[in-house]
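J.: The structure that follows is given in the form of structure tokens.
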Amino acid sequence: MQTKYERLDKNSRKKARIEFYNTPFGKTLKPRFTRLLTIAILLIIYGICLIIEAIIKKGSIWSYISAIIIFIFAIVFLVGRQRVIIKKVNDYLIKKK
């Protein structure tokens with residue numbers, strides 16, 4: 001089942017996000033969303049560094065597994081962040097109407 005946010009076109013989604021971020025609740029959530037994005041990007045970079053180090057030094061299987069686990073956490077952070085944004089903006093759109 002699609003949410004109200006998902007049924008909007010691209011420009012309407014952008015406007016809805018901007019309107020949501022201008023609310024007091026949206027202003028408190030925006031730094032948190034930015035922090036999650038930053039952490040996810042840093043985890044991806046760290047995972048890449050671990051894989052490169054494991055390849056260069058002929059690392060053990062645990063080196064690769066730890067890098068894969070870090071990548072999984074980064075993906076969970078990115079997907080979770082996006083799902084929460086969609087949920088909160090959708091709640092805002094429903095309450096606004």
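J.: Among Ala40, Ala16, which is in a helix (DSSP H, G or I), over 17 Å from Lys87 (Cβ atoms) and in contact with a helix residue (DSSP H, G or I) (Cβ under 9 Å, 6 or more places away or on another chain)?
T.: Ala40
J.: Something else now. Which pairs turn up if I take residues in segment 24-39 that are surrounded by 11 or more Cβ atoms within 10 Å (Cβ to Cβ) and look for partners that are part of a helix (DSSP H, G or I) and acidic (Asp, Glu) with beta carbon separation below 9 Å, at least 6 apart in sequence or on another chain?
T.: Gly26/Glu19
J.: Taking segment 44-97 on its own, how many of its residues are among the polar types (S, T, N, Q) and more than 30 Å from Lys14 (Cβ to Cβ)?
T.: 3
J.: May I pose another question? Residues Leu8, Leu36, Leu43, Leu78: which one is in contact with a Phe, Trp or Tyr (Cβ under 8 Å, 6 or more places away or on another chain) and under 30 Å from Tyr92 (Cα atoms)?
T.: Being in contact with a Phe, Trp or Tyr (Cβ under 8 Å, 6 or more places away or on another chain) and under 30 Å from Tyr92 (Cα atoms) holds for just one of Leu8, Leu36, Leu43, Leu78, which is Leu36.
Throughout, read-outs are computed from the coordinates displayed, never taken from laboratory work. Small disclaimer: the values here were computed from a predicted structure and weren't measured. Every residue, glycine among them, receives a Cβ derived from its backbone with ideal geometry; neighbour counts consider all protein chains shown.
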